[in-house]
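Trainee: Before I ask anything, let me first share the structure, which is written out below as structure tokens.
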Number of protein chains: 2
Amino acid sequence: MPEARRHAIQGGVPMAATDTTAANELLAVRAAELYYEENKTQDEIGAILRVTRWKVGRLLQQARDRGIIRIEIVHPRARRLSLERELTASFGLRDAIVVPGPPDDRELQARVAEAAADFLVSVRPIPRLLGVSWGRTLHQVAECLPEGWSTGVNVVQINGGVSLSKRPGTAASTAVMIAQKAGGEATLLPTPAILERLETKRAIEGDRTVSGVVQRARGAAAYLYSAGVADTSSVHVDSGYLTPDDMRSLVEKGAVGDVIGRYITAEGTIADPELDARTLGLGLDELRDSPMSILVIGGEAKHPVAHAIVQHGLCSVLVTDEHTARSLLDAAPDSTTSGEDPS
Amino acid sequence: MPEARRHAIQGGVPMAATDTTAANELLAVRAAELYYEENKTQDEIGAILRVTRWKVGRLLQQARDRGIIRIEIVHPRARRLSLERELTASFGLRDAIVVPGPPDDRELQARVAEAAADFLVSVRPIPRLLGVSWGRTLHQVAECLPEGWSTGVNVVQINGGVSLSKRPGTAASTAVMIAQKAGGEATLLPTPAILERLETKRAIEGDRTVSGVVQRARGAAAYLYSAGVADTSSVHVDSGYLTPDDMRSLVEKGAVGDVIGRYITAEGTIADPELDARTLGLGLDELRDSPMSILVIGGEAKHPVAHAIVQHGLCSVLVTDEHTARSLLDAAPDSTTSGEDPS
DNA sequence: GCAGATCGTGCTCAGATGAGCAGAGCGTGG
DNA sequence: CCACGCTCTGCTCATCTGAGCACGATCTGC
């Protein structure tokens, strides 16, 4: 009966546009409640709200689009797939793992490490030889790996790490633990990370066993490493490789942090070439050109060094927390909302 | 080959149970991410996680049951249907409306009022005569009602409310606004809420017009009212009906708040019979026995009086916020998780 | 006042999903 | 050693749901 209809409309209030929009929003809320909280079918909801079931479907669609319905996965091992997608797209990464960021920094490190371990377990093809760095983060990753996480993965240390002062052997134990849990062998690099004199470094490097280890490291199918912050609380200062003054000097030269022992600037360049020459182990280019280099990094303090590494292609896989991920994306060069349409 | 299987199990680690549970949980998290964040079908997820699509469905079910997936409807007009169900079940209410509780008290009052207005609009059958109380909350409800919210609903005031000091006429304006917006007429009760002397009250009550109004109020199809807290910031003190000393005395006698001008204790009884005798308007029994009495109440401060009203059957419909609702349910007598299985 | 653009609606139909069922693996107790 | 119960699995089938389409209503510019 189009006659009656037209009549009613002409006689009614002419504020239709805004009115119906608001009414629809309220309807959408009611529909969402009945659908998501009461587990009713769209058909039932249609009967309750006096609309067709197709309209209910559209209302729910609107509610999702407009963010009225928020779906969250609350679990320590949850991930942020959308951020991962954006990261891989923005920085041309091979893969990215992003975990939700709890406020507590300790908890955050643990989750990132766990995620890194999960990733390592699932890497295909299995890297027969894995190059690893060392440090607190890497050690946590090693601990998270389950016994027998792989079969016959050999591990090689990619930078020196015989601690001069406290906690001797952490560097070695990390590599050994990863290898042992996969039933493989660990090849250690039993030298200091940074030598005091260039000549000493050259001499050690010339040693048959040491050069053999480095040579072996160059052939690794994947590298696993973290990064340190350039400040006086760094492990390099703690371990006695660098004095607090050295560190201050590095910061003055623009260093933001270290990657496998080498201090870099925000531009991704070596902060102090002279110091770098005295640093033993793999070079940055080898990391960059490797088939797979996995950076494990999390926490506010490490944002600057994470930026430097990711923006300059030093890693091909990134394991991090969501705050770091967002920070990276905010600074991304050409993230013109690419990868924004997941429908 | 059951032989080989059994062998493997006997030889392996006997922590099978925990292991698979944990693995399933992780799988459930991954499935949830792909389903809810990536909009993949259960079939696609099955292909990715190497399980059948039926298992994916079960994993998602588990994830929902275990609370891994949290679905929230974020909207000022959202409601808490599960709490509503629990309230109606626990207290034998005819209906309950629960809105989410924002931290801001002002905002909360606004939402409760809006919800009350929404409810009033949708009440069926339409009450041809509506008895209303007055106060800040009720005034807000009146303002929230849309113009033409109903057709020909008449309104009658159920308790006295001529203010002695500031803001004269708020009581009247509430009733008038509700009636006017529904195209009906308002019948006012132009008397003080509480009289100083019993004789005066009797005299006013004996007046033909006043008794007529009260008589009319008794026939209302529904009552709409709020409640006040028993403290010196009460409107009764503000308006001069009670002195701060009166109020202190009331509190000593166990008063938690007032319902249509009558102060009650936590046990639902009249706190001070002498004072009550001087209070003009409908009695509590008439509220209790009415076909529908709608209580609109929200906010931390009003929890005690809300408890008293709801637990002693003074309202049949409750409009409130979720904190108040939870508070009521926590104190509920026999809420043996009834109404907990909405599947 | 009218043709074209735009929007919202109700529908068809195929694809996605959940309930229910039979069978296999696994532990338990006779 | 086997019968029994329990749990988990994969399946069938009915139901639910979203994409796409045609239609009518409204809005816009000429």
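The values are calculated or read from the model by the stated rules, or taken from the named source; none is laboratory data. It should be emphasised that the depicted structure is a prediction, and the values quoted were computed from it without experimental measurement. Here the Cβ positions follow ideal geometry from the backbone for every residue, glycine too, while neighbour counts run over all protein chains shown. Surface accessibility is based on the protein's heavy atoms, side chains included, excluding ligands, DNA and RNA. Shrake-Rupley method; radii C 1.70, N 1.55, O 1.52, S 1.80 Å.
Trainee: Show the residue pairs that are 6+ apart or on different chains and have beta-carbon atoms under 6 Å apart, the first residue being within the stretch B:127-146 and under 15 Å from residue B:188 (Cα atoms) and touching a residue at least 60 places away in the same chain (Cβ under 8 Å), the second being in a strand (DSSP E or B) and hydrophobic (A, V, I, L, M, F, W, C).
Mentor: These pairs meet every condition: B:130/B:155; B:130/B:222; B:131/B:156; B:132/B:155; B:132/B:224.
Trainee: For the stretch A:55-71, give me each residue that is under 22 Å from residue B:63 (Cα atoms) and in contact with a helix residue (DSSP H, G or I) (Cβ under 9 Å, 6 or more places away or on another chain).
Mentor: Scanning the stretch A:55-71 gives A:60, A:64, A:68, A:69, A:71.
Trainee: Counting only residues that are closer than 22 Å to residue A:199 by Cα, give me the strands (runs of 3 or more DSSP E) lying completely in the stretch A:210-288 with at least 2 of them.
Mentor: A:262-265
Trainee: Which residue pairs have Cβ atoms under 9 Å apart, sit 6 or more places apart or on different chains, and have a first residue in the stretch A:38-65 that is touching a residue at least 24 places away in the same chain (Cβ under 8 Å) and a second that is near DNA strand C (Cβ under 8 Å from one of its atoms) and part of a helix (DSSP H, G or I)?
Mentor: Taking only residues 6 or more apart or on different chains, the pairs are A:59/A:24; A:62/A:24.
Trainee: Let me ask another. Consider only pairs whose beta carbons are under 6 Å apart and that are at least six residues apart or on different chains; among these, list those whose first residue lies in the stretch A:293-307 and is more than 21 Å from residue A:142 (Cβ to Cβ) and whose second residue is open to solvent by 10 Å² or more (accessible area, probe 1.4 Å) and in a helix (DSSP H, G or I).
Mentor: Cβ pairs passing all conditions: A:303/A:327.
Trainee: Which condition from (1) in contact with a strand residue (DSSP E or B) (Cβ under 7 Å, 6 or more places away or on another chain); (2) surrounded by fewer than 21 Cβ atoms within 10 Å (Cβ to Cβ); (3) within 11 Å of chain A (Cβ to nearest Cβ) is the one that residue B:77 breaks?
Mentor: Exception for residue B:77: condition (1).
Trainee: Which condition does residue A:264 not pass, out of (1) under 21 Å from the mean Cα position of the chain (by Cα); (2) β-branched (Val, Ile, Thr); (3) surrounded by fewer than 20 Cβ atoms within 10 Å (Cβ to Cβ), if it passes all the others?
Mentor: Just one mismatch for residue A:264, condition (3).
Trainee: Next up: Being within 15 Å of DNA strand C (Cβ to nearest atom) and either open to solvent by 20 Å² or more (accessible area, probe 1.4 Å) or not aliphatic (A, V, I, L, M) (or both) narrows it down to one residue among B:62, B:109; which is it?
Mentor: B:62
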